[in-house]
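See structure below.
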Amino acid sequence: MKNYTLNNGVKIPVLGFGTWKAQDGEEAYQSVLAALKAGYRHIDTAAIYKNEESVGRAIKDSGIPREELFITTKLWNSKHTYEEALEAFDSSMERLGLDYLDLYLIHWPNPKPVREYGAWQKRNAEVWRAMEDLYQAGKIRAIGVSNFLPHHLEALLETARVTPAVNQIRLAPGVYQTEAVDFCRAHDILLEAWGPFGQGELFQNPAVQAIADKYGKTIAQIALAWSLQEGFLPLPKSVTPSRIASNLDCFDIELSPADLDILKNISGLEGGAPNPDGVDF
Ligand SMILES: NC(=O)c1ccc[n+]([C@@H]2O[C@H](COP(=O)([O-])OP(=O)(O)OC[C@H]3O[C@@H](n4cnc5c(N)ncnc54)[C@H](OP(=O)(O)O)[C@@H]3O)[C@@H](O)[C@H]2O)c1
């Protein structure tokens, strides 16, 4: 699989395997193992997914050398302080069974427990300082954020010593966050696309089906090709072995400019990108 190069020079496989809702235990373990066997080398998890232990076990049992893998996890919303962020990192690493991490992300910029105190700028600056210290100590190869809009990034950059390498946001055909995309491109922050299948909604969309039929591909493969051609890093999730394998068959698709545009603008998806200043968790 090809790589993107992050703004600190670290290489990251252009597509990652999503694990949200992959149940801890057999489901998460078997799906990550199947993904690694199929050729994925980049796994996306988070403390809140509560499956880091199963993900870590699958990584270990795959027998793939650690340096060939790229592993991401995320700091959850309840961690507000420098100390809490350091402790959360250690707990994630223990569950994953890893001695270094490739990418650590602040999961949400302004979640409910922070909003109640009205201090998201201070909280993000503080947990970012903890992540910078872990990065500079060599425990993490790159640090980034998730669900940040331009105003969250601008505030963070006021005190940041390290520019985020990544912003992981919801992006899919029909879900395009133009302002965040433009801001990240201008600041050399790689966009990772969560929910690249519209969290399943794309599979019922006739406009996407028509394009899939035209290229002789599945809707999933078309959605991933669109994301890659936009320069995003899609994170497809599946716990179904046949889908895990077939979703990877997306690298030879060349969508025309007209089809890229149709996909960007399709309507009918109910679940747009959530407002990070209003999330209820
Ligand atoms: N940073 C954040 O706040 C955030 C938020 C959400 C997600 N994420 C990350 O992004 C990843 C992807 O997002 P997501 O899991 O929400 O949604 P998604 O990848 O857009 O969609 C996953 C759904 O698509 C189904 N699916 C996968 N391949 C398919 C295929 N070929 N044909 C038909 N159905 C297929 C899956 O079913 P089966 O599993 O049953 O096969 C699952 O129901 C997550 O797993 C997580 O790692 C991050």
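The values are calculated or read from the model by the stated rules, or taken from the named source; none is laboratory data. Since the model is a prediction, treat every value here as computed from it, not as a measurement. Note that each Cβ is placed from the backbone with ideal geometry, even for glycine, and that neighbours are counted across all protein chains shown.
Please enumerate the residues belonging to the stretch 13-33 that are within 11 Å of the ligand (Cβ to nearest atom) and of a type in the set (Phe, Trp, Tyr). Result: PHE17, TRP20. Of the helices (runs of 4 or more DSSP H) lying entirely inside the stretch 17-122, those containing at least 3 residues that are within 22 Å of ASN167 (Cα to Cα) and at pLDDT below 95 are 112-115. LYS112 satisfies every condition listed in (1) more than 15 Å from the ligand (Cβ to nearest atom); (2) surrounded by fewer than 16 Cβ atoms within 10 Å (Cβ to Cβ); (3) among the charged types (D, E, K, R); (4) closer than 20 Å to PRO276 by Cβ except (1). Taking the stretch 210-246 as the range and being touching a strand residue (DSSP E or B) at 6+ places or on another chain (Cβ under 9 Å), within 11 Å of the ligand (Cβ to nearest atom) and not hydroxyl-bearing (Ser, Thr, Tyr) as the test, the residues that pass are ALA223, LEU224, LEU233, PRO234, LEU235, PRO236, LYS237, ILE244. Scanning the stretch 36-56 for residues being within 11 Å of the ligand (Cβ to nearest atom) and buried (at least 19 other Cβ atoms within 10 Å of the Cβ) gives a total of 8. Give the residue that is surrounded by the fewest Cβ atoms within 10 Å (Cβ to Cβ), with candidates limited to residues of the stretch 152-177 that are of a type in the set (A, V, I, L, M, F, W, C) and part of a helix (DSSP H, G or I). Ranking the candidates gives LEU157 first. Among the residues of the stretch 247-265, is any within 10 Å of the ligand (Cβ to nearest atom), surrounded by 23 or more Cβ atoms within 10 Å (Cβ to Cβ) and not basic (Lys, Arg)? Within the stretch 247-265, one or more residues are within 10 Å of the ligand (Cβ to nearest atom), surrounded by 23 or more Cβ atoms within 10 Å (Cβ to Cβ) and not basic (Lys, Arg). The single condition among (1) on the phi < 0 side of the Ramachandran plot; (2) of a type in the set (S, T, N, Q); (3) not in a loop (DSSP other than H, G, I, E, B) that GLN199 does not meet is (1).
A quick yes/no check of all residues on (1) among the hydroxyl-bearing types (Ser, Thr, Tyr); (2) more than 21 Å from HIS107 (Cβ to Cβ):
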{"residue": "ILE169", "(1), (2)": "no, no"}
{"residue": "ALA172", "(1), (2)": "no, no"}
{"residue": "VAL175", "(1), (2)": "no, no"}
{"residue": "THR178", "(1), (2)": "yes, yes"}
{"residue": "ASP182", "(1), (2)": "no, yes"}
{"residue": "ARG185", "(1), (2)": "no, yes"}
{"residue": "ILE189", "(1), (2)": "no, no"}
{"residue": "GLY198", "(1), (2)": "no, no"}
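Checking each residue in the stretch 196-209 for being under 30 Å from PRO164 (Cβ atoms) and either near the ligand (Cβ under 7 Å from one of its atoms) or without any contact (Cβ under 8 Å) to a residue 40 or more places away in the chain (or both) picks out PRO196, PHE197, GLY198, GLN199, GLY200.
Can you name every residue in the stretch 226-264 that is assigned to a helix (DSSP H, G or I), of a type in the set (A, V, I, L, M) and within 23 Å of the chain's Cα centre (by Cα)?
Within the stretch 226-264, the first condition is being assigned to a helix (DSSP H, G or I), and the residues that meet it are 226-229, 241-247, 257-264.
In the following step, the residues that additionally are of a type in the set (A, V, I, L, M) were identified as 228, 244-245, 258, 260, 262-263.
Those that are assigned to a helix (DSSP H, G or I), of a type in the set (A, V, I, L, M) and within 23 Å of the chain's Cα centre (by Cα): LEU228, ILE244, ALA245, LEU260, LEU263.
Test SER267 against the criterion of being in contact (Cβ under 8 Å) with a residue 40 or more places away in the chain and either under 26 Å from LEU103 (Cα atoms) or part of a helix (DSSP H, G or I) (or both), and give yes or no.
On the way: in contact (Cβ under 8 Å) with a residue 40 or more places away in the chain: yes; either under 26 Å from LEU103 (Cα atoms) or part of a helix (DSSP H, G or I) (or both): no.
So SER267 does not fit the description; no.
Which one of these is at negative phi, out of contact with any helix residue (DSSP H, G or I) (no Cβ under 6 Å at 6 or more places or on another chain) and small (Gly, Ala, Ser): ALA142, ALA155, ALA125, ALA85?
Values: ALA155 fails: out of contact with any helix residue (DSSP H, G or I) (no Cβ under 6 Å at 6 or more places or on another chain); ALA125 fails: out of contact with any helix residue (DSSP H, G or I) (no Cβ under 6 Å at 6 or more places or on another chain); ALA85 fails: out of contact with any helix residue (DSSP H, G or I) (no Cβ under 6 Å at 6 or more places or on another chain).
Testing whether each residue is at negative phi, out of contact with any helix residue (DSSP H, G or I) (no Cβ under 6 Å at 6 or more places or on another chain) and small (Gly, Ala, Ser) leaves just ALA142.
Here the condition is being part of a helix (DSSP H, G or I), within 16 Å of the ligand (Cβ to nearest atom), in contact with a strand residue (DSSP E or B) (Cβ under 6 Å, 6 or more places away or on another chain) and within 30 Å of ALA22 (Cα to Cα); of ALA142, ALA193, ALA180, it holds for ALA180 alone. Report whether or not ALA223 is without any contact (Cβ under 8 Å) to a residue 60 or more places away in the chain, of a type in the set (A, V, I, L, M, F, W, C) and part of a helix (DSSP H, G or I). In short, yes.
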